[in-house]
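Below: one structure, written as structure tokens.
No value in this document is a laboratory result; all are computed from the given coordinates. Bear in mind that the values here come from a model prediction, so they are computed numbers and not experimental data. So basically every Cβ, Gly included, is an ideal-geometry build from the backbone, and we count neighbours across all protein chains shown.
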Amino acid sequence: MDTRILSNSLGVEISGIEANQPLSPEAIAEIFDLFLKHHLVVLRGQSIDMDQLGAFARQFGELEENIVRLNDGNVASNVHTVSNIGMDGKPTAKPNPVANYFWHTDKSYYEIPSLTTVLYGAEVPPNGGDTQYANMHAAYDALPAAEQHRLSQLHVVHSWEQSRLNAGDAPATQDEIKLRPPVTHPLIRTHPDSKRKSLYMGIHTSHIAEMPEQEGRAQLDDLIRHATQPQFVHTHEWRVGDLLLWDNRCLMHRAVANYELERYRRVLYRTVVRGTKPY
Ligand code: OGA
Ligand code: MN
């Protein structure tokens, strides 16, 4: 395995892996070590179908079920696509889901959110359609000690219902809301493997439990602005065949609408590996 560091903030590219085949336990352990150290792992030039993507991801843990509805109204299976393709099979200005285009960490509205998301570039625009990542350890470390202490007392309510409203997407249905009631996580999260601290927030949040609602939302907006400054961010420019895995416990990410959504197809295969309860 050869490795290349992608930026000061985060990310490592690994070559010499074929992800469409079962990997040895040693190879998985090596990839996972690099994942813990750099938070984002990029494999290029892969050729993988959805079943193989599921099998690859399962080597890192249990796959998470979904509640996002596809454009055809069906619930996505645990390996699915995220895309800008509408019901008529053509690119549209409204990607599914819209929240992907805002800073977030996957499934933070679950009691037990995600460890990693695995994303594969099946069809990407000729230019743009990037994914950006922000390092929440670095953002936390950059705060003054008194601020770190103050924030460590706070808890954030994450809500699927609120997320849909925040992103301006179709409102959550009553069934979805029942299935995914709001959950509360600490604002400052300790990484279960490295024990480093990070900020934990994003588009799926509603408010801060200990603050008046508007004040809490303003505080979260401030922190997102702080945490997504250029020095904490890495931008991935997609090529077909890229396979990415990132640590949702210490990164935020978002898709960037820097391409003509109504013109170019952007189809990514995706699956999510379940993590552990944040503390
Ligand atoms: C995701 C996601 C971003 C993108 O799949 O969880 O946020 O660039 N994707 O499509
Ligand atoms: Mn996401």
* Counting other C-beta atoms within 10 Å, which of SER83, SER24, SER198 has the fewest, and how do the rest follow? -> SER24, SER83, SER198
* Asked: What are the radius of gyration and Dmax of the stretch 18-117, computed over its Cα atoms and given in Å?
  -> 15.3, 45
* Asked: Kirkwood Rh, Cα Rg: Rg to Rh for the chain?
  -> 0.94
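Cut-off is 10 Å between beta-carbons; in what order do LYS37, LYS178 appear when sorted fewest neighbours first?
Sorted ascending by nearby Cβ count, the order is LYS178, LYS37.
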* For the stretch 106-212, what is the largest minus smallest coordinate of the Cα atoms on each principal axis, given in angstrom and ordered from greatest to least? -> 45, 37, 24
* To do: Please state, rounded to one decimal and in Å, the Kirkwood hydrodynamic radius that the stretch 146-279 gives when every pair of distinct Cα atoms enters the mean of 1/r.
  => 17.0 Å
* Structure fact -> Note to self: C-alpha centroids of the stretch 207-279 and the stretch 37-62 sit apart, in Å, by 19 Å
* Asked: Ranked from highest to lowest mean number of other Cβ atoms within 10 Å per residue, what is the order of the peptides 144-156, 104-116?
  -> 104-116, 144-156
* Asked: Given the rule -39500 (n - 2.57) for each run of at least 4 DSSP H residues, summed and divided by the residues of the chain, what is its mean residue ellipticity at 222 nm, to the nearest 500 deg cm²/dmol?
  -> -6500 deg cm²/dmol
* To do: Stick to the Cα atoms of the stretch 66-168, pair each with every other, and give me the Kirkwood hydrodynamic radius in Å at one decimal.
  => 16.4 Å
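If I take every Cα pair under 8 Å that is 6 or more residues apart in the chain, average their sequence separation and divide by the length, what percent do I get for the relative contact order?
34 percent
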